[in-house]
Every structure is written in structure tokens, then in C-alpha cells.
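Q: Could you have a look at this structure, given as C-alpha cells, before my questions?
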Amino acid sequence: MPSHTTTTWWLTGLSGAGKTTLAQALAKELRDRAEAVCVVDGDELRSGLSQDLGFDSASRAENVRRAAHMARILNANGIHAVVAMISPAAKERDAALALIGKERCKEIYINTPLEICMLRDPKGLYKRAEIGQLTQMTGVQSAYEPPLSPALHLDTNVTEISQAVLQILAI
Ligand SMILES: Nc1ncnc2c1ncn2[C@@H]1O[C@H](COP(=O)(O)OS(=O)(=O)O)[C@@H](OP(=O)(O)O)[C@H]1O
Ligand SMILES: Nc1ncnc2c1ncn2[C@@H]1O[C@H](COP(=O)(O)OP(=O)(O)O)[C@@H](O)[C@H]1O
């Protein structure tokens, strides 16, 4: 990767698919290679910049739009962006990639199956959805539209983190 160009890796997938884990591992590898990188994580955005937003489709669209603008600013300032967001709607993902610039974006579908995400359930969200304490859970009560032609598919149930990072950097 030439050091004068910046990239946005856009990691999309269900909750528990492994987006945050892979984003952090990718960022570490890039920093080890002396590349400037910033992770834009949905959970983190929602604890600050997007704390006014819920999980209805309009709120998710706005959240994705904000993340895309962040990635665009980062890239324009010489910093790679690793976006880790469910970003469930194909239309909004496409708009995000177009805003950032398709030539510098790599869409990565973390396609870990829902059953595995539900078994992992790292934050207990699927359990809460199951017992009716949480509505609009993606993959349960709220739709996820898989990317039709991502640069890479990664199922973290079969691909180790270090291997996944190498695959991401190879595209
Ligand atoms: N209803 C519902 N559905 C999905 N996720 C939920 C929900 N409620 C809370 N959470 C938590 O919010 C995180 C997802 O935020 P995102 O900003 O990535 O979502 S989105 O792109 O705006 O759809 C998500 O983080 P990840 O598990 O890392 O995906 C959850 O921790
Ligand atoms: N190969 C793998 N890649 C990424 N995560 C993995 C992998 N194997 C197991 N996991 C686990 O799956 C969970 C994924 O959670 P997280 O990264 O927060 O997902 P997301 O951000 O998509 O919600 C973590 O507990 C992580 O340790």
C-alpha cells in the first residue's frame, strides 16, 4: 500500500460478528507498519457523537452518514479509517462509500452466521431481544441486507483474527 494514499475499510455485519475485534486488530497491524489509522466504531459513536440516535431505520441511516463523513475527513487528512458498524441497509452503505470515494473504500462483509453471533452474544443483546427486553435487534426484529459484491467476505467462525487481518490487507 503506498503511504501517500489513504483507505477506508468498511466492516459491516451483525452484532457479535467480530467487527470491533477485527477493526482493532487491523488498526494494530497498520500502526505496527507505521500507518496512521483511526477506528470508527458504531458502539463508540453511539456513546457520544450519535447518542441522540436510536435503532429505527432513519436513525441508523443518519448514524452511517455521520460515520461516512468522519471517514472522509480522516482520509482527506492522511489517516486511514476502519469503520466497524452494522450499517444494515445496502442503500446507505452505498451512499457512504460514494461519499468517501469508491476508489479508496473496501467494503468487507463480516458474514459470521446469526446462530454463531447469538451463541457468542458478547453483550447479552440477543438474550434481551429473545425475552422481549430489546426491540429492533438487527437480525432478529430488524433487517440486515448483506452486501451484494463486497471486496471480501469473512466468517470469523472459520477464519482466525490474524488470518483475517492478512486477508483484509491483501485486497
Ligand atoms: N437493537 C439493536 N440492534 C443492533 N445493535 C444494537 C441494538 N441495541 C443496541 N445495540 C448496540 O449498538 C451497536 C450497533 O451500533 P451501530 O452504530 O453499528 O449500528 S447501525 O450501523 O447504526 O445499525 C451494537 O454493537 P455491535 O455489537 O458492536 O455491532 C450493539 O452493541
Ligand atoms: N476470528 C474471530 N474474529 C473476530 N472475533 C472473534 C473471532 N473468534 C471469536 N471472536 C469473538 O467474537 C466476539 C465478537 O465480538 P465483537 O468484535 O464485539 O463483534 P461486533 O463488533 O461485530 O459486535 C468477540 O468476543 C471475539 O472475541
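The values are calculated or read from the model by the stated rules, or taken from the named source; none is laboratory data. On a predicted model such as this, the values are computed, not experimentally measured, just so you know. Note: ideal-geometry Cβ built from the backbone for every residue, glycine included; neighbour counts use all protein chains shown. The area values use the complete protein model at the heavy-atom level, side chains included, leaving out ligands, DNA and RNA. Shrake-Rupley method; radii C 1.70, N 1.55, O 1.52, S 1.80 Å.
Q: Using Cα atoms only, what is the angle between the long axis of helix 161-170 and the major principal axis of the chain, expressed in degrees (0 to 90) to the nearest 10?
A: Roughly 50 degrees, rounded to the nearest 10.
Q: Counting only residues 5 or more places away or on other chains, whose amide H sits under 5 Å from the amide H of Leu154 once H atoms are built in the peptide plane?
A: Under 5 Å from the amide H of Leu154: Tyr109, Ile110, Asn111.
Q: Once the piece of chain linking Ser162 and Ala76 is laid out straight, how much longer is it, given 0.36 nm per residue of separation minus the C-alpha distance between them? Working shown, then result.
A: Details: separation 86, 0.36 × 86 = 30.96 nm, distance 2.82 nm.
That pair, Ser162 and Ala76, stretches by 28.1 nm at full extension.
Q: Angle, helix 57-76 long axis vs. longest principal axis of the chain, Cα atoms, 0 to 90°, nearest 10?
A: 10 degrees
Q: How large is ³J(HN,Hα), in whole Hz, for each residue of the range 114-122 in order, when computed from phi with the Karplus curve 6.51 cos²θ - 1.76 cosθ + 1.60 and θ = phi - 60°, using x for Gly and Pro?
A: 3, 4, 6, 4, 5, 5, 5, 5, x
Q: Another question, then. What FRET efficiency comes out for the pair Arg120/Ile171, r = Cβ-Cβ distance, R0 = 25 Å, nearest 0.05?
A: Values: r = 25 Å, r/R0 = 1.01.
Efficiency at R0 = 25 Å is approximately 0.50.
Q: Given springs between every Cα pair under 10 Å in a Gaussian network model of the chain, which of Asp32, Asp41, Asp94 has the largest fluctuation?
A: Of the options given, Asp32 has the highest mean-square fluctuation.
Q: To continue, here is another question. Order Ile79, Ile168, Ile131, most accessible first, counting only protein heavy atoms with a 1.4 angstrom probe.
A: Ile131, Ile79, Ile168
Q: With the other protein chains left in place, how much accessible area per residue, in square angstrom, belongs to the chain at a 1.4 angstrom probe? Write out the running numbers ahead of the final one.
A: Details: 8660 Å² over 171 residues.
Computed with neighbouring chains in place, this is 51 Å² per residue.
Q: Right, something else. Helix 19-32 versus the longest principal axis of the chain: what angle, 0 to 90°, nearest 10, using Cα atoms?
A: 20 degrees
Q: Something else: Using the structure shown, select from Lys106/Lys127; Lys91/Lys123; Lys19/Lys127; Lys28/Lys91; Lys28/Lys127; Lys19/Lys102 the pairs with a Cα to Cα distance greater than 25 angstrom. Write out the running numbers ahead of the final one.
A: Values: Lys106/Lys127 32 Å; Lys91/Lys123 28 Å; Lys19/Lys127 20 Å; Lys28/Lys91 30 Å; Lys28/Lys127 31 Å; Lys19/Lys102 20 Å.
Distance filter (> 25 Å) returns Lys106/Lys127; Lys91/Lys123; Lys28/Lys91; Lys28/Lys127.
Q: Nearest 20 debye, what's the magnitude of the dipole of the range 8-170 about its Cα centre given +1 on Lys and Arg Cβ and -1 on Asp and Glu Cβ?
A: Details: 18 positive and 19 negative charges, 51 e Å.
In debye, rounded to 20, the range 8-170 gives about 240.
Q: Mind ranking Ile108, Ile161 by accessible surface for me, highest first, 1.4 Å probe? All intermediate terms of the calculation are to be shown ahead of the outcome.
A: Working: Ile108 0, Ile161 80 Å².
Sorted by accessible area, descending: Ile161, Ile108.
Q: Give the long-range amide H neighbours of Asp41: residues separated by 5 or more places, or on another chain, with amide H under 5 Å away, using H modelled in the peptide plane at 1.01 Å from N.
A: Ala84
Q: A follow-up question, please. Between Lys102 and Thr135, what is the FRET efficiency for a Förster distance of 41 Å, r being their Cβ-Cβ separation, to the nearest 0.05? If you can, show how the numbers build up before the last one.
A: Details: r = 34 Å, r/R0 = 0.84.
In this case the efficiency is close to 0.75.
Q: Give a quick list of chymotrypsin sites (Phe, Trp or Tyr not before Pro) in the range 5-63 that DSSP marks as loop, anything other than H, G, I, E or B, with at most 15 other Cβ atoms within 10 Å. It would help to have the intermediate numbers written out before the result.
A: Values: sites: Trp9, Trp10, Phe55; in loops: Phe55.
Passing both the DSSP loop test and the Cβ count: no residue.
Q: Still on this model: Could you tell me which of rounded, prolate or oblate describes the range 37-102, using a ≥ b ≥ c as the square roots of the eigenvalues of the alpha-carbon gyration tensor, with rounded for a/c under 1.5 and, failing that, prolate when a/b is larger than b/c and oblate otherwise? Walk me through the intermediate numbers first.
A: Numbers: a/c = 2.18, a/b = 1.31, b/c = 1.66.
Oblate, since a/c reaches 1.5 and b/c is not below a/b.
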